[in-house]
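The structure under discussion appears below in the form of structure tokens.
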Amino acid sequence: MKLEISLFRFDYKSDYLPYYTKNFIKVKNEKTLLDILNNINNENPFSYRNSENFCVAVNGIYVNVMVSIKELVENFGTDLKVEPLSIRRAHTDLLINDADFKERLKILAEFTKDEDIEKYRTYKIYFYASNTINYEYDYIGDSLLLLASDLIEKNKENEKAILAALSQYECGAQFHTSLENRVLNLDSSIEEKINSLKIKLNLSKKVEEQNFSLKKKNPLDFGNFQDIKEIKHDFNDFKIAYFKGLNSDLETEKLLSKLNAKILNLSSMNSDLALDTFHVNPNFSMKIASNVILDAFDNDADLLVVDDKNLFDIFDTNRKLLEEISGREIILPVIHKNELANLAIGLHDEAKKTLEKHTVNPEIV
């Protein structure tokens, strides 16, 4: 098996911008990503840590270097881009300045002992894997939230004081976005611990109990999803971006597979919009949403498809705010899966009832 490795390179002392070197590896006895890095280093030295605890990003997903080559290929194929945990904080190739990660420990310093600090260091991947720090550099960090959970579990008497310390930090747990889809083989207990903390901090609220329209507007009724037996109008010349969020919808996936359209494969379409804390932090959710719709727009999408009314409100009803946040006009139409199904099977009059009420009318009827 042959691998093509694009390796991130940067030296803060001499380089103005980072660059990538191509490395073609014929796998022989190598078993892990660390083996591959060691192989490359033997031929063309670069900076990294030859350690089982070292972590990097591969094709935008965060991994430990002990991940097997077999698993990498199964998830990403044979064309791999290897980058540091944080490009923004990279100083020499795959090594980063992690002062921000270490700084957060001060928030819980009075509750920690040496063994707790060691445990915190094992959570480093979660600090940098969080999409939140791409928007809020001062975010408290998922690693500290995990440590807080551990400290509470270890000594229940400190719970009230620990929660108070977390709540006093301005950019706190209300800015958390899910690590699902960002860390390879994420342990489900990671999100469970953080979500439990958010509940204790009175930050989390069920999505069905919230209103995602930030301006008064008559809610649209998209009706029921039509069973697709025969496609009368496909979308052969269309580029479609489908916002899945954390989980894709089977009905939408099946519909899109029948339309003969080009479905854009954009990582932003898997973003978590932090909807459970929208009621306390709407502007943060809208920041992420603005990046999602701009990514689709800049990649020449003709439509952004959503499968949920709440998501429609986020991307279409609140479009003016998205434009204010991004500083750009966004004319990309947003369409609900039920409308798309109606168009595909020829129920144009039914689809038109709601399409013409969109902030941006797709005008495809």
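Rule-based calculations on the coordinates, nothing more; no lab input. All values derive from a computational prediction rather than experimental measurement. We place every Cβ from the backbone using ideal geometry, glycine too, and count neighbours over all the protein chains shown.
Charge dipole of region 233-350 (Cα centre as origin; +1 on each Lys and Arg Cβ, -1 on each Asp and Glu Cβ, all else neutral): 200 debye, rounded to the nearest 20. Here the label points at Lys205 and Ser167, each 7 Å from Cα along the C-beta direction, are separated by 1.7 nm in the simple model. Rg then Dmax, both in Å and based on the Cα atoms of region 99-204: 12.6, 35.
Computed from point charges on the beta carbon alone (+1 for Lys and Arg, -1 for Asp and Glu), the dipole magnitude for the chain about its Cα centre is near 260 Debye.
Each residue, Asp11 and Ser213, gets one label point 7 Å from its Cα in the Cβ direction; the gap between the two is 5.9 nm.
If you average 1/r over every pair of different alpha-carbon atoms in the chain and take one over that average, what Kirkwood value in Å do you get? After inverting the mean inverse Cα-Cα distance, the result is 22.8 Å.
Cross-link partners for Lys200 among the aspartates and glutamates, with Cα-Cα distance under 12 Å and sequence neighbours closer than 8 places in the same chain left out: Glu159.
The calculated FRET efficiency for Ser189 paired with Asp116, based on their beta-carbon distance and R0 = 30 Å, is about 0.95.
Packing, as the average of other Cβ atoms within 10 Å across residues, places the peptides 342-352, 221-231 in the order 342-352, 221-231, highest first.
With the simple spin-label model, which puts each label point 7 Å out from Cα in the Cβ direction, the Ser257 to His348 separation comes to 2.9 nm. Each residue of region 355-361 is assigned a 3J(HN,Hα), and the resulting list reads 4, 6, 9, 5, 4, 10, 6 Hz, derived from the Karplus form 6.51 cos²θ - 1.76 cosθ + 1.60 (θ = phi - 60°), x at Gly and Pro. With 28 Å as the limit, the listed pairs Lys102/Lys205; Lys244/Lys353; Lys198/Lys337; Lys102/Lys156 have Lys102/Lys205; Lys198/Lys337 beyond it between alpha carbons. Pairwise Cα distances in region 2-94 exceed 20 Å for 28 percent of all pairs.
Setting aside same-chain residues fewer than 8 positions from Lys2, which lysines have a Cα under 26 Å from its Cα? Within reach: Lys22, Lys26, Lys28, Lys31, Lys70, Lys81. Sorted fewest first by neighbouring Cβ atoms within 10 angstrom, Cys171, Cys55 come out as Cys171, Cys55. Only helices enter the 222 nm calculation for the chain: every DSSP H run of n ≥ 4 contributes -39,500 (n - 2.57), and dividing by all residues gives -10000 deg cm²/dmol, rounded to 500. Be a star and scan region 317-339 for residues whose amide nitrogen sits under 18 Å from the point 7 Å along the Cα-to-Cβ vector of Glu363. Label zone hits: 329-335. Using the Cβ-Cβ distance between Asn236 and Tyr135 with R0 = 25 Å, the FRET efficiency computed as 1/(1 + (r/R0)^6) comes to roughly 0.10.
Our coupling estimate for region 265-276, obtained by passing each phi through the Karplus curve with A = 6.51, B = -1.76, C = 1.60 and θ = phi - 60°, is 9, 10, 4, 5, 6, 9, 5, 8, 8, 6, 6, 6 Hz, Gly and Pro reported as x.
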